[in-house]
Amino acid sequence: MDSKPGTEGARFLALMKNMLISRTLLALAATWFLSSPAPAQVLRVVVNDTIQPITEEYIARALDQAQRKNDQAVLIEINTPGGLVDSTRKIIEKITASPIPVIIYVTPGGSRAASAGFFVLEAADVAAMAPGTNTGAAHPVVLGGGKMDDVMKEKMENDAAALMRSVVAKRGRNVEVAESTVRSSKSFTEQEALSQHLIEYVASSEEDLFRQIEGKSFKRFNGQTTALHLAGRPVTPFDMTLKEHILAYLMDPNIAFILLAVGALALYTEFNHPGAVIPGTVGIVFILLAVFALNLLPTRFAALVLIIAAFTLFALEAKFATHGVLTMGGIALLTLGGLLLVDSPIPEMRVHLLTALAVSIPLGIITAFLMTIAIRARRNKVVTGAEGLVGETGVTRSALSPSGKVFVHGELWDAVSSSEVPVGRPVVVRRVDGLTLQVDPLAIPAPPRAPAMA
């Protein structure tokens, strides 16, 4: 009987000890789980646009994040018609210097990595294409699409070919065939690119690509050989920031031209209606956005002169009334200025003819109409206030000798005449001095005389 309390106490102590040990083990397990590094991921970047400064910023930011998080690889899915040489070179620099392997994958079917896109594709640690895609056509094109002289053409070709050789040789690919895309503008389907050793894989999907890459070694730009194990790895999408989305939208030359033209029209409306505020605010915002975008694009400033000249012709049409001749000239100059505004080597980075016409024709008509109204309003005689009384006729209500009362415009006024005028005679207002009118008498036409009898 006496030992029962002691036995229960021992059991209680044992139970508490077991609970303490269990909780300690759970705490240690949770600490280990939380402190252990997350499994390496694959960072996915999607480029479905021209190669330009915003594309460069987007890819550079993705590579920096992959390096910070020590990701397994960066997968860049690309579909581009080409782009600017400066942006292409900077992207290549980032890719070749990245400590994280970079996979370039031309996808989906029907996509392309043309011109500058081919340079980016060949800069990758692993180059792959989806069925139904193509690449190549990396011949340099002069800005504006004009004809180059032979010396400049040779310089540009040699420079682009040297860049291609240096990149492709380091990656262990076919230097001669790759250089032919620069010298002869050759293009290749995915199977042709694979057979001629311009790419390593043709894959129908991301999973298929990772399965083919699994465990296979490849040569990095610094000469080291490594292998990737991507099967089953989580793939994390890397999106553009809001700023990059907005800038990418503004980098469309068609959008920049529309903003510039509409902003100019809004500012003109504000100048002709001071104090309206809203047109002026819209005009300033639109023009600043257009200028910002054009600053990043290869802008031909001579085209801005054409646009200014177009608005000058619209103003002259309103002043001289040439029955639309100057307006047509302004529309032609505005269209030409829009087409030449962005000096890009590829059509996708220029203002389209349809956009230029869709903006120029309505804008020219609206601007000429507004200017005509404004000029006519300035020329019209004032019909309100004291100035509106000058030239009006009235009737004397008291004799003017020389001052008295006259009835003008439905009101009774004090008046002073240059000569005496009896009551009931018509007068004309010559001037307004405060609340007194300066008037002159009007001659009363004589009644017609009756014909004389024979």
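If the requirement is being under 28 Å from Thr50 (Cα atoms), open to solvent by 70 Å² or more (accessible area, probe 1.4 Å) and not basic (Lys, Arg), which of these qualifies: Ile246, Ile255?
Result of the check over Ile246, Ile255: Ile246.
Show the residue pairs meeting these rules: Cβ distance below 8 Å; 6+ apart or different chains; first residue within region 229-241 and without any contact (Cβ under 8 Å) to a residue 60 or more places away in the chain; second residue in a loop (DSSP other than H, G, I, E, B) and open to solvent by 50 Å² or more (accessible area, probe 1.4 Å).
If the second residue must be in a loop (DSSP other than H, G, I, E, B) and open to solvent by 50 Å² or more (accessible area, probe 1.4 Å), the pairs left are Ala231/Glu214.
Mind telling me which of the residues Val120, Val106 ends up being under 30 Å from Arg300 (Cα atoms) and among the aliphatic types (A, V, I, L, M)?
Val120
Out of Pro53, Pro108, which single residue is on the phi < 0 side of the Ramachandran plot, over 22 Å from the mean Cα position of the chain (by Cα) and open to solvent by 10 Å² or more (accessible area, probe 1.4 Å)?
Selected residue: Pro108, the only one of Pro53, Pro108 that is on the phi < 0 side of the Ramachandran plot, over 22 Å from the mean Cα position of the chain (by Cα) and open to solvent by 10 Å² or more (accessible area, probe 1.4 Å).
Only one of Thr80, Thr96, Thr88 is under 27 Å from Arg183 (Cα atoms) and over 25 Å from the mean Cα position of the chain (by Cα). Can you tell me which?
Thr96
Got at least one residue in region 385-394 being more than 30 Å from Ile258 (Cα to Cα), open to solvent by 80 Å² or more (accessible area, probe 1.4 Å), at pLDDT 85 or above and over 57 Å from the mean Cα position of the chain (by Cα)?
no
Are any of the residues in region 221-231 surrounded by 20 or more Cβ atoms within 10 Å (Cβ to Cβ) and within 26 Å of Ala60 (Cβ to Cβ)?
Yes; the residues of region 221-231 include at least one that is surrounded by 20 or more Cβ atoms within 10 Å (Cβ to Cβ) and within 26 Å of Ala60 (Cβ to Cβ).
In this structure, does Ile246 turn out to be assigned to a helix (DSSP H, G or I), within 17 Å of the chain's Cα centre (by Cα) and under 30 Å from Asp71 (Cβ atoms)?
yes
Report yes if some residue within region 235-242 is closer than 25 Å to Pro81 by Cα and open to solvent by 80 Å² or more (accessible area, probe 1.4 Å); otherwise report no.
Yes, there is a match, as at least one residue in region 235-242 is closer than 25 Å to Pro81 by Cα and open to solvent by 80 Å² or more (accessible area, probe 1.4 Å).
So, of the residues in region 325-347 that are among the small types (Gly, Ala, Ser) and part of a helix (DSSP H, G or I), which turns out to be surrounded by the most Cβ atoms within 10 Å (Cβ to Cβ)?
Gly338
The values are calculated or read from the model by the stated rules, or taken from the named source; none is laboratory data. Since the structure is predicted, the reported quantities are computational estimates derived from the model, not experimental observations. Glycine also receives a Cβ, built like all others from the backbone with ideal geometry; neighbour counts cover every protein chain displayed. Note: areas computed on protein heavy atoms with side chains; ligands, DNA, RNA excluded. Shrake-Rupley method; radii C 1.70, N 1.55, O 1.52, S 1.80 Å.
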